[in-house]
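**Student:** One structure coming up, written as structure tokens, with questions to follow.
The values are calculated or read from the model by the stated rules, or taken from the named source; none is laboratory data. Since the structure is predicted, the reported quantities are computational estimates derived from the model, not experimental observations. Ideal geometry is used to build each Cβ from the backbone, glycine not excepted, and the neighbour counts take in all protein chains shown. In case anyone asks, the SASA skips ligands and DNA or RNA and just uses the protein heavy atoms, side chains included. Shrake-Rupley method; radii C 1.70, N 1.55, O 1.52, S 1.80 Å.
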Amino acid sequence: MDVVIEVRDARIPLSTTHPLMDQWLGNRKRILVLNREDMISMADRNAWATYFAKQGTKVIFSNGQLGMGTMKLSRLAKALASDVNVKRRSKGLLPRAVRAGIVGYPNVGKSSLINRLLKRRMCPAAPRPGVTRVLKWVRFGKDLEFLDSPGIIPMRISDQAAAIKLAICDDIGERSYDVADVAAILVQMLARIPTVGITALQNRYKIDMDGTCGKTFVQKLALHLFNGDTHQAAFRILTDFRKGKFGWISLERPPR
Ligand SMILES: Nc1nc2c(ncn2[C@@H]2O[C@H](COP(=O)(O)OP(=O)(O)OP(=O)(O)O)[C@@H](O)[C@H]2O)c(=O)[nH]1
């Protein structure tokens, strides 16, 4: 691989990378893609763009469903790896296509991005983590080819804070977490986000939030709308968040 394209979820760019990434990639050329740009606000996007620019990381925001960012990505991949053919020419070899590998956590949108780039359905994209299993090279014009190797990066499930955010963002399978616990934590997070806050939660579900106990809020919602079924109430809150009913918000802010 000449360039490695690491795809992360723009809502949780820190939780969708692995601490060993740098070690694994060594000094390979690297592009960071923050996918699901449609799910964060412009302010979040600017904050992350500034943060990564300061670190000297090349970052592209994308939308795997609509294909935004893909042309820029292919241009940047080719430009970053242009020295490959400079070296080949100096050795009297014919130029070859630049090889780019796409990596990232499950369900962050890797296959969708490749399909958008190639404008056809090469890789199965599904709203379930862990759908991609086979590795293959896919051609993009005559100068670039992609290795569709998504899903390789093992998640840091040992990092509880990250695991909860992955669950909230639907980046891990529902069987691996307790929906009611995760929804309760989401309520607490939303209550602290200035653009959402307790008022937005109360207005949306027409129930009072005493204090900031997420668990109590989920239980109240269960009684109010779901005949006491906590799982259904919790699922409603998670689904509302994922559909942007509280606005499009990043759950992480760049570290200072
Ligand atoms: N809203 C939104 N949804 C997206 C975007 N990109 C992908 N998705 C959706 O996210 C889900 C997962 O996308 P995939 O492309 O299958 O993700 P993947 O990373 O290849 O997943 P694995 O095969 O599990 O590794 C699908 O339902 C996509 O339609 C995006 O930019 N915005």
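**Student:** Normalised by the residues of the chain, what does the relative contact order come to in percent, with Cα pairs under 8 Å and at least six apart?
**Tutor:** 20
**Student:** Run a plain Debye calculation on region 3-148 (Cα atoms as equal point scatterers, no solvent) and give log10 I(q)/I(0) at q = 0.11 Å⁻¹, rounded to two decimals, same order as the q list.
**Tutor:** Reported log10 I(q)/I(0), two decimals: -0.41.
**Student:** Who wins for biggest fluctuation among W137, W48, W24 in a Gaussian network model of the chain, springs between alpha carbons below 10 Å?
**Tutor:** Most flexible of the set in this elastic network: W24.
**Student:** What pairs from K87/K165; K29/K119; K54/K142; K91/K119; K29/K245 go past 32 Å between their alpha carbons?
**Tutor:** Values: K87/K165 44 Å; K29/K119 25 Å; K54/K142 34 Å; K91/K119 35 Å; K29/K245 38 Å.
Long pairs (Cα-Cα over 32 Å): K87/K165; K54/K142; K91/K119; K29/K245.
**Student:** Using only the alpha carbons of the chain, determine the length spanned along each of the three principal axes and report them from longest to shortest in whole angstroms.
**Tutor:** 74, 36, 32
**Student:** Residue by residue, what Karplus-based ³J(HN,Hα) values in Hz, rounded to whole numbers, does region 231-237 have, using 6.51, -1.76 and 1.60 with θ = phi - 60° and x for Gly and Pro?
**Tutor:** In residue order, the calculated couplings are 4, 5, 4, 5, 5, 4, 5 Hz.
**Student:** Leaving ligands, DNA and RNA out of it, report the carbon-plus-sulfur percent of the accessible area of the chain at a 1.4 Å probe.
**Tutor:** In the chain, the share of accessible area belonging to carbon and sulfur is 53 percent.
**Student:** Counting only C-alpha contacts under 8 Å and six or more residues apart, can you give the relative contact order of region 178-243 as a whole percent?
**Tutor:** Relative CO of region 178-243 lands at 37 percent.
**Student:** How high is the relative contact order of region 3-148, given as a whole-number percent (alpha carbon pairs under 8 Å, six or more residues apart)?
**Tutor:** With pairs under 8 Å counted, the relative contact order is 25 percent.
**Student:** Give me P(r) over region 178-243, computed from all C-alpha to C-alpha distances, binned every 5 Å, as integer percentages.
**Tutor:** 4, 21, 33, 30, 10, 2, 0
**Student:** Rounded to the nearest 20 Debye, what is the dipole magnitude of the chain about its Cα centre when Lys and Arg each give +1 and Asp and Glu each give -1 at the C-beta? The partial results should precede the final answer.
**Tutor:** Values: 42 positive and 22 negative charges, 295 e Å.
Approximately 1420 debye in magnitude.
**Student:** Of the DSSP beta bridges with both residues in the chain, give the percent that are antiparallel, rounding to the nearest 5.
**Tutor:** Values: 6 of 27 bridges.
Antiparallel: roughly 20 percent of the beta bridges in the chain.
**Student:** Where a Cα-Cα gap under 18 Å defines reach, which aspartates and glutamates qualify for K215, not counting those fewer than 8 residues away within the same chain?
**Tutor:** D178, D181, D229, D240
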